[in-house]
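This report refers to the structure that appears directly beneath it.
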Amino acid sequence: MNIWQPEPGEMLLGRAPVTFATGAAMRVRGMRWFRDTERNDIQHELPGWPEGPSFTARSTGSTVGLKTLKGAAIVVGATFMAVLSAAGGNIATASGDSGSDRPDEPANEVEDFPVMWAAPGTIARTLPWQLDPGRADQKHRRTHAIVTDRRLVIVSLPYDKKNYEAIDDEVLWQCPRTDISGIELKDFKDGSDFKVTFVDGSWCRIRTFGRRKLTRYLEHTPNLLPLDSLTPQQRATVLEFAAKVKMPDSVSPIVTRNTCGHYNVDILLPRRFTSAFGASEESLVMDDEGQEVDPREYHPEDL
């Protein structure tokens, strides 16, 4: 196995599977475009990119038809669920409360759906084609984004449903954090997208599930606190937590202070890295006295 590792003195902060996003509104559902600043399609101009699908946004009439079919399916589904429930079935429903039915940018989420916006020579044009679900073989390969305190890295690795732990990273692309000017969460529909804007004005729209693992450390340059900067009680709490989760010596806890005064402690355990989910962290929130905070008392900044 070849698992990507940070350089000495560099802190690994997050890792998760990523792709270019996919349209969700009826007119652009299942589609994506690569645009220049004049809204021209540039996918054929991107160096080294293989041919991929070309999309045309649906007409208003066809979207009305799709909405009608969707509405009918919802009614049938609701009727079926009601019958099951009346018969005594145990029905569980999932809530998508992280998303929104209101687009932030109708021009880029309803009428069109660019996932790359880039003038010639800009950073977004250097992104790897393997991020595109229309070009990559996602049944056998995945792309992960890796965030450190120094850079953003995109790797490709094998994907085997029978062996998620098999990781063999190939670096496809990377940029220093100084090349990133902003991160914006995009909540339209399922709340899985985020937008990365680069210092030259180009941007990309990325999809990942559990985006907090990446964006919380990309939105702002984190102020990472070394253990020796903590109070004795805080340090004892962190070390006790590290022992509890069996943190290896090669890993350091990620400690940051929130604006509310609480401290986030995240530990990324290499033994839990998988091709399906990336890095899964063990997390703790403690207060200024070094006491663990009950989840019922978390502040919004702690989440």
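Please give me the summed charge of the neighbours of Asp169: other residues whose Cβ is under 15 Å from its Cβ, Lys and Arg +1, Asp and Glu -1.
-1
A straight line joining the Cα centroids of the range 151-166 and the range 1-37 runs 13 Å.
Taking GluC sites (Glu not before Pro) as exposed when DSSP calls them loop (any state but H, G, I, E, B) and at most 13 other Cβ atoms lie within 10 Å, what is the longest stretch of the chain free of them, the sites themselves excluded?
Formally, the longest exposed-site-free interval is 166-288.
Step through the table entries Lys139/Lys195; Lys161/Lys189; Lys162/Lys213; Lys161/Lys246; Lys195/Lys246, compare each Cα-Cα distance with 32 Å, and write down the pairs that go over it.
Numbers: Lys139/Lys195 25 Å; Lys161/Lys189 27 Å; Lys162/Lys213 25 Å; Lys161/Lys246 26 Å; Lys195/Lys246 35 Å.
Check vs 32 Å cut-off fails for Lys195/Lys246.
Charged neighbours of Glu282, selected by a Cβ distance under 12 Å, balance to +2 (K, R count +1; D, E count -1). Exposure proxy shown here: for Met247, Met1, Met11, the number of other Cβ atoms within 10 Å sets the order, fewest to most, as Met1, Met11, Met247.
Values in this text are rule-based calculations from the coordinates and carry no lab data. Since the model is a prediction, treat every value here as computed from it, not as a measurement. Heads up, the Cβs are rebuilt from the backbone with ideal geometry, glycines too, and the neighbour counts pull from every protein chain shown.
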